[in-house]
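Below: the structure, in structure tokens.
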Amino acid sequence: MKGSLEFILKKGKWLTGVEREMLGVCHRNTERLISLVSSILELSRIEAGQISIVSRPVQIGEVALYAIEEIKGAALSKNISLVNEVGVDLPTISGAYVRLGRVLSNLLSNAVKFAPADSVVHLFAAVNDGFVALSVADSGKTIPEEEKASLFSRFRQAGRPEEAQSPGSGLGLAISKEIITRHGGSIFHSPGASGGNVFTFTVPLYGEQDVKG
């Protein structure tokens, strides 16, 4: 379906402006549907144990740079500054590079989506009790206390979906929780000191998982 729409949009010089706009809407909705189905399949496979987490030594600073590159375009479109405060001297963590990048990309994507234009999204990290805690802070509307219990449930979006310019599937946080849980860490939300939201996840330092086990 997506391929057919792209072919028509590319070759259909005879299309009127209205027809091209309507086909563009169909194309965007098709991409969202593909993304939704992919997210549902990914979450189902993780829950069923079909996706294994193979932990290796990982530099969390590299994961942060990877995730920022992934979301940089969306941030630029809203003139949002991404401030990376993750130190290069942090100890090595134990995890799956691509999966951790997926989690951090999800958190950054939500932060950019719900933060106001011309604002700042901060990314920072700390080491505590054998874990590295990585946090994403935004200045969007603070999530109400009564909504926190269901934040990491399926088809649940952080904040008000109508405020987002490009609504998501509502599966990003659920997938992130499953990935972090299988890393032996935790993920949680807290309000920012001066408003906004802070999402944090923890992952064990390299070698700590075996020692504690």
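A short reminder: the numbers here are calculations on the coordinates, not readings from a lab. Just so you know, these numbers come straight off a predicted model, no measurement behind them. Please note: Cβ atoms are built from the backbone with ideal geometry, for glycine as well, and neighbour counts cover all protein chains shown.
Side notes on the structure shown:
- Between Ala117 and Lys13, the contour length at 0.36 nm per residue exceeds the alpha carbon distance by 33.9 nm.
- Peptides 176-188, 138-150 ranked from most to least packed give 176-188, 138-150, packing being the mean of other C-beta atoms within 10 angstrom over each peptide's residues.
- The lysines whose alpha-carbon is closer than 29 Å to the alpha-carbon of Lys78, local same-chain residues fewer than 8 away aside, are Lys2, Lys10, Lys113, Lys141, Lys148, Lys177.
- Between amide H atoms placed 1.01 Å from N, distances below 5 Å from Val132 occur with Val203, Leu205, all of them 5 or more places distant or on a separate chain.
- Measuring r between the beta carbons of Asn128 and Lys78 and using R0 = 25 Å, the FRET efficiency lands at 0.20.
- Ala96 long-range amide H proximity, modeled H, under 5 Å: Arg56
- Inter-probe distance in nm under a simple model that places probes 7 Å from Cα toward Cβ, at Gln59 and Thr181: 3.3 nm
- Rounded D (µm²/s) - segment 55-116, Kirkwood Rh over Cα pairs, Stokes-Einstein at 25 °C, 0.890 mPa s: 201 µm²/s
- From phi via Karplus (6.51, -1.76, 1.60), per-residue ³J(HN,Hα) for segment 107-118 in Hz, x at Gly/Pro: 5, 5, 4, 4, 4, 5, 5, 9, 7, x, 4, 6
- Cα→Cβ-extended label distance, 7 Å offset, between Asp89 and Arg28, nm: 4.7 nm
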